[in-house]
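Trainee: Below is a structure I'd like to ask you about.
Just so it is clear, none of the values below were taken in a lab; they were calculated from the coordinates. What you see is a predicted model; the values in this text were computed from it and never measured. A quick note on method: Cβ atoms are made from the backbone with ideal geometry, for glycine too, and the neighbour counts reach across all protein chains shown.
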Amino acid sequence: MSEEVGKNPNQLKRTMTLIPAISTVMGTVIGAGVFFKASAVAQGTGSTSMAMFAWLFGGLISIAAGLTGAELAAALPETGGMLVYIERAYGKLPSYLLGWAQVIIYFPASIAAKGIIFGTQVVNLFHLGMNAVVPVGVIALLSVTGINFLGSKVAGQFQAITLFCKLIPLALIIIFGLLQPGGVAVSILPVHAGAGTGGFATAMGAGLLATMYAYDGWIHVGNIAGEMKNPSRDLPRAIAGGLIGIMVIYLLVNFVFLHTLPIHAIAGNENTPMDAANIIFGDLGGKLVTIGILVSIYGTLNGYTMTGMRLPYAMAMENSLPFSKYFVKLNRFQIPYIAGLFQLALSILLMFQGGFDQLTDMLIFVIWLFYILVFIAVIRLRHTEPELARPYKVPLYPWIPLIAILGGVFIVVMTLISQFSLAMIGLGLTLLGLPIYFYMQHKK
């Protein structure tokens, strides 16, 4: 793939450095999840101890996953990210199904879900009618796509700015929330499930599934490896450093929520951040948090839009999609603009088809199937390609990859148990890529 890209006049420029890459990791991950999944975690776990442990456990799995995936990202620093890793380890068909799932499900569903949440928060902030949710979300998607059409450098700088802005309300909640006396005692140990949650494993699975959406997005910085000045050095630093910072922030924010409100007031309550802020700051707090959430979601939209539009481009460079000759076209800022418009259209369509939780649960199940393959690929390639240059190797091998694999299997199994129908829809849409793959192979 790298040789084909290098020979093509539509080659992407290497302009991104470490700070924008870290901003992409943190900015892509920190968004709606830390606010809107707190209620799902509390409802699934039923206790403050397990709720906190779910956030900690989710962070540790994500760090193990990030450290594992970074080995392949540094060894194969090509635009396309997971597409490259899966193809190298397993061949073209699994790689194609991953690309198809990302192009058709993962990125459009992610962007659509965030557009719905963005529109919902604007409607609540300005007391608009609920029928304005989708139009406001569409406007957000259009504006973010327009920013990305100005070039990866501009999009990266914008990501850094939104990251700084979104950390301000989070910092205020953490600092002032920790200073508040609080009425609820919070501890991680001993960990126990709340009443009516179905037992330890079921509660842990529900809580972990919710946190994994909040942590998701770490691997997608690999999609822009082909545009980084020094990917071998900077990519592992960006993934590991960004995720550690994210886990600390998530633990502190949720400690404040659980310290301020009783668990039953958080469970199933999507207004938890506003309710907690009202107690901490007064009546103005709810509005401040809403503005902070809007900035967070907008920055996350930017990160997903920036990385997502590179996937149709990467697949089209190998003539693997219908109308590939259009998806490889770049504008004068070296951005695959037709791929971006295609992603935008799918995202808007999905906004009319499903709600926030439906879209996020489906995409998490689908993407973690492929994450597991990536973790296994690290071990597989160590044996099949020992001569492959690895500027970075995952520490404590093979234990950290095994932790990532076991964590991924637990997430997938628990999703099948608790969300079987939704999981089957995601799997079915993924397998629709099979006839497209064989058609394109026959056409070649």
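Trainee: Determine the alpha carbon to alpha carbon distance for each of Lys153/Lys287; Lys329/Lys444; Lys37/Lys393; Lys114/Lys287; Lys37/Lys166; Lys114/Lys393 and list only those over 23 Å.
Mentor: Details: Lys153/Lys287 32 Å; Lys329/Lys444 20 Å; Lys37/Lys393 33 Å; Lys114/Lys287 19 Å; Lys37/Lys166 17 Å; Lys114/Lys393 34 Å.
Lys153/Lys287; Lys37/Lys393; Lys114/Lys393, as the Cα separations exceed 23 Å there.
Trainee: Report the label-to-label distance for Lys153 and Arg332 in nanometres (one decimal), using points 7 Å from each Cα along the Cα→Cβ vector.
Mentor: Output for this residue pair reads 1.5 nm.
Trainee: Where in the range 231-292 are there chymotrypsin sites (Phe, Trp or Tyr not before Pro) that are in a DSSP coil and have at most 15 other Cβ atoms within 10 angstrom of their Cβ? Before the final figure, lay out the partial values.
Mentor: Numbers: sites: Tyr250, Phe255, Phe257, Phe281; in loops: none.
Passing both the DSSP loop test and the Cβ count: no residue.
Trainee: Here's another thing I want to ask about it. Direction-averaged shadow area of the convex hull around the Cα atoms of the chain, nm²? List each step's numbers first, then the result.
Mentor: On the way: hull surface 79.9 nm².
That works out to 20.0 nm².
Trainee: Which length gain, in nm to one decimal place, applies between Lys325 and Ser421 when the Cα-Cα distance is subtracted from 0.36 nm times their residue separation? Write down the numbers at each step before the final one.
Mentor: Values: separation 96, 0.36 × 96 = 34.56 nm, distance 3.64 nm.
Additional length available on full extension: 30.9 nm.
Trainee: With the crude spin-label approximation of a point 7 Å out along Cα→Cβ, what separation in nm comes out for Leu349 versus Lys444?
Mentor: With each label point 7 Å from Cα toward Cβ, the separation is 2.4 nm.
Trainee: Cα atoms only, the range 287-353: Rg and Dmax in Å?
Mentor: 14.7, 48
Trainee: Could you work out the relative contact order of the range 18-443, using alpha carbon pairs under 8 angstrom and six or more residues apart, expressed as a whole percent?
Mentor: Result for the range 18-443 is 36 percent.
Trainee: Still on this structure, I have one more. So what is the 222 nm mean residue ellipticity for the chain from helices alone, if each DSSP H run of at least 4 adds -39500 (n - 2.57) and you divide by all residues, rounding to the nearest 500 deg cm²/dmol? Walk me through the intermediate numbers first.
Mentor: Details: 22 runs with 326 residues, N = 444.
Helix contribution divided over all residues of the chain: -24000 deg cm²/dmol.
Trainee: Using the beta-carbon distance between Gln180 and Phe200 and R0 = 30 Å, what value does 1/(1 + (r/R0)^6) give for FRET efficiency, to the nearest 0.05?
Mentor: Efficiency, rounded to the nearest 0.05: 0.45.
Trainee: Here's a follow-up. How many nm separate the modelled label positions at Asp283 and Arg233, each set 7 Å beyond the Cα in the direction of the Cβ?
Mentor: 5.5
Trainee: Along the Cα-to-Cβ line of Cys165, 7 Å from the Cα, sits a label point; which residues in the range 124-147 have backbone N less than 12 Å from it?
Mentor: So the set is 144.
Trainee: How fast does the range 256-379 diffuse by Stokes-Einstein, in µm²/s, taking the Kirkwood radius from C-alpha pairs at 20 °C and 1.002 mPa s? Spell out each step's value before the answer.
Mentor: Values: Rh = 18.1 Å.
Rounded to a whole number, D works out at 119 µm²/s.
Trainee: Taking R0 as 51 Å, what's the FRET efficiency between Glu387 and Leu432 from their Cβ-Cβ distance, rounded to 0.05? Walk me through the numbers on the way to the answer.
Mentor: Details: r = 37 Å, r/R0 = 0.73.
According to the calculation, E is roughly 0.85.
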